[in-house]
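In what follows, a structure is listed as structure tokens, so that the remarks can point back to it.
The values are calculated or read from the model by the stated rules, or taken from the named source; none is laboratory data. No experiment lies behind these values; they were computed from the predicted model shown. Virtual Cβ from ideal backbone geometry, glycine too; neighbours counted across all protein chains shown. In case anyone asks, the SASA skips ligands and DNA or RNA and just uses the protein heavy atoms, side chains included. Shrake-Rupley method; radii C 1.70, N 1.55, O 1.52, S 1.80 Å.
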Amino acid sequence: MANTLVVKNIGQLVTMQGKSPRRGEAMNDLAVICGAAVAIAGNRIVAVGSSSDIEKQCGPIGCPVIDASGALVTPGLIDPHTHPVFSATREDEFEMRLQGKSYMEIAQAGGGIRRSVRDLRATPADVLLDKAKQRLDRFLEHGVTTIEAKSGYGLSTESEIKQLEVIRELNESHPVDLVPTFLGAHEFPDEYRNNREAYVDLIINEMLPLVAERRLAVFSDIFCEEGVFDNVQSRRIQEAAARHGLKLKFHADELVSTGGAELAASLGAISADHLVYISEVGIKAMADSGTAAVLLPGTSYSLGSKQYAPARRMIEAGVVVALSTDCNPGSNFSESLAMMISLAAVQMKMTAAEGISAVTVNAAYAIGRNDIGVLAPGMIADLVIWDAADVRELPYHYGVNLARTVVKRGEVAVVHA
Ligand code: IZC
Ligand code: ZN
């Protein structure tokens with residue numbers, strides 16, 4: 001197939017070629033080529049190299065060309081933890097937290113996730129689809145080309161399936177790719193508050209078999225946290241999910257330390273996420289099991305917390321560290337991974353390069369994908385041309401959208417003048 005698009009005159013091309021995922025010091029190696037070009041045919045990359053090499057390999061360019069004018073180019077960003085399908089927003093809870101109420105106090109009073117559940121159940125699928133589509137548009141405008149997307153606001157068989165079907169429909173109709181996760185164990189719904197084991201049984205006996213049979217999810221996730229699913233319930237649900245062929249993710253050690261990281265590692269989970277209160281034993285267990293740590297600094301920020309996950313200790317211990325927005329109506333409503341790279345820099349002392357590794361190769365690993373996150377021949381042609389010349393500008397020049405042009409599967413999906 002002849003080339004269909006060439007991006008030339010790239011100042012810094014972050015290829016992420018080499019080790020995948022990146023651990024420890026390797027997270028600082030972005031495999032940059034200066035003075036580079038990328039050739040694309042259809043939805044795949046066919047060549048990456050210096051501008052002169054690409055001309056030699058590809059001959060005279062007979063297809064559309066984008067002149068990057070010396071800008072920074074990276075792989076399309078990957079967000080490995082989002083809750084993008086929901087009905088109403090919860091800005092009143094954000095304000096209550098600023099006035100001193102905690103996330104858990106609001107949840108226990110009937111707000112939080114259970115409120116989003118009541119909203120989602122009452123909202124038709126086409127309305128949910130329209131609302132989520134706007135969030136995906138915003139992700140794409142900010143350079144995010146693939147997201148993991150969770151259910152978890154249905155918490156009944158019917159409504160969980162409705163939410164997963166919206167995710168499937170979005171994946172088919174929107175340029176952003178969505179990797180679906182079943183999160184029936186996000187909370188105990190109102191009707192099971194006094195009969196929690198029956199809800200665990202419902203997940204195991206009814207929801208998981210149906211989700212697996214209809215291939216509505218790749219992953220099974222759980223909110224393993226004090227006051228939500230305890231370690232015994234979490235193990236039961238996730239062992240059942242694994243028997244159905246789902247790969248495992250955990251919300252772990254977010255608000256208190258419960259040993260969630262150790263549990264995730266012992267079950268061979270692909271990732272454990274949040275980890276603000278991870279123990280030293282948990283860090284070691286995750287480094288040994290290869291379970292990725294998906295860190296969500298925007299959530300600490302939006303909860304008004306001073307506690308951030310110990311990213312430096314995890315990187316030094318050899319844990320695969322990824323970053324995500326956690327985009328959701330409660331604890332962090334943002335579609336900007338660049339903002340998360342900035343928060344990770346300031347609050348967790350991650351370098352800009354570590355931040356880029358965390359939203360490309362390491363995020364791809366955390367969602368079980370090996371065809372994205374790297375710019376190399378054969379990979380899916382997802383890339384971003386930034387209004388920046390150097391990777392260090394991404395955390396430094398924050399709170400504005402620096403994504404200038406976004407290419408998704410070989411097509412120009414976003415152009416900012
Ligand atoms: O809707 O509050 N922490 N799940 C676990 C969330 C936050 C999402 C929400
Ligand atoms: Zn979450």
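Measuring nothing but how far apart in sequence close Cα pairs (under 8 Å, 6+ apart) lie, relative to its length, the chain scores a relative contact order of 21 percent.
Computed from backbone phi, the HN-Hα couplings of the range 148-158 come to 7, 9, 9, 7, x, 10, x, 6, 9, 4, 4 Hz, rounded to whole numbers (Karplus: 6.51 cos²θ - 1.76 cosθ + 1.60, θ = phi - 60°; Gly and Pro given as x).
Which net charge results for the neighbourhood of Asn231, defined as the other residues with beta-carbon distances under 13 angstrom from its beta-carbon, given Lys and Arg at +1 and Asp and Glu at -1?
-4
Per residue of the range 19-36, what does 6.51 cos²θ - 1.76 cosθ + 1.60 with θ = phi - 60° give for ³J(HN,Hα)? Whole Hz please, x for Gly and Pro, Karplus curve as stated. Result, rounded to whole Hz: 4, 9, x, 9, 10, x, 4, 4, 5, 7, 9, 9, 6, 7, 10, 8, x, 10.
Considering only Arg44, Arg312, Arg22, the Gaussian network model of the chain with Cα springs below 10 Å gives its largest mean-square fluctuation to Arg312.
If Lys and Arg each add +1 and Asp and Glu each add -1, what is the summed charge of the other residues whose beta carbon sits under 13 Å from the beta carbon of Arg90? Once positives and negatives cancel, what remains is 0.
Converting phi to 3J(HN,Hα) with the Karplus coefficients 6.51, -1.76 and 1.60 and the offset θ = phi - 60°, the range 383-396 yields 8, 10, 9, 9, 7, 7, 10, 9, 4, 5, 6, 5, x, 6 Hz in sequence order, with x at every glycine or proline.
Taking label points 7 Å from Cα along the Cα-to-Cβ direction, His244 and Arg215 give a separation of 1.6 nm. Dividing the summed -39500 (n - 2.57) terms of all DSSP H runs of n ≥ 4 by the residue count of the chain sets its mean residue ellipticity at 222 nm at -10000 deg cm²/dmol. Express in whole angstrom the spacing between the alpha-carbon centres of the range 295-309 and the range 209-270. That distance is 22 Å. Express in whole angstrom the spacing between the alpha-carbon centres of the range 40-79 and the range 375-405. About 14 Å separates the Cα centre of the range 40-79 from the one of the range 375-405. Between Val281 and Gln134, residue separation times 0.36 nm minus the direct Cα-Cα distance comes to 48.8 nm. Computed with a 1.4 Å probe over protein heavy atoms only, the accessible area of Lys133 comes to about 90 Å². Shown for the range 18-63: the carbon plus sulfur share of the solvent-accessible area, taken with all protein chains present and a 1.4 angstrom probe, equals 51%. For Arg44, the amide hydrogen comes within under 5 Å of the amide hydrogens of Ala381, counting only partners 5 or more places away or on other chains and with H modelled in the peptide plane. Accessible surface for Val346 stands near 90 Å², nearest 10, in the context of the full protein assembly shown (1.4 Å probe). Scanning residues 5 or more positions from Ile66 or on other chains, those with amide H under 5 Å from its amide H are Val6, Val7, Lys8, with H placed 1.01 Å from N in the peptide plane. For the listed peptides 48-58, 241-251, a ranking on the average number of other beta carbons within 10 Å per residue, highest first, reads 241-251, 48-58.
Extension gain Glu25-Val232, at 0.36 nm per residue separation less the Cα-Cα distance, in nm?
70.9 nm
Once the Cα-Cα distance is subtracted from the 0.36 nm per residue extended length, the Asp92 to Val127 segment shows a gain of 10.4 nm. Near Gly410, once Lys and Arg are set to +1 and Asp and Glu to -1 for all other residues with Cβ below 14 Å from its Cβ, the sum equals -1. When DSSP beta bridges are restricted to pairs lying wholly in the chain, around 45% turn out antiparallel. Label zone of Asp390 (point 7 Å out along Cα→Cβ, amide N under 13 Å): in the range 325-367 this covers 352-353.
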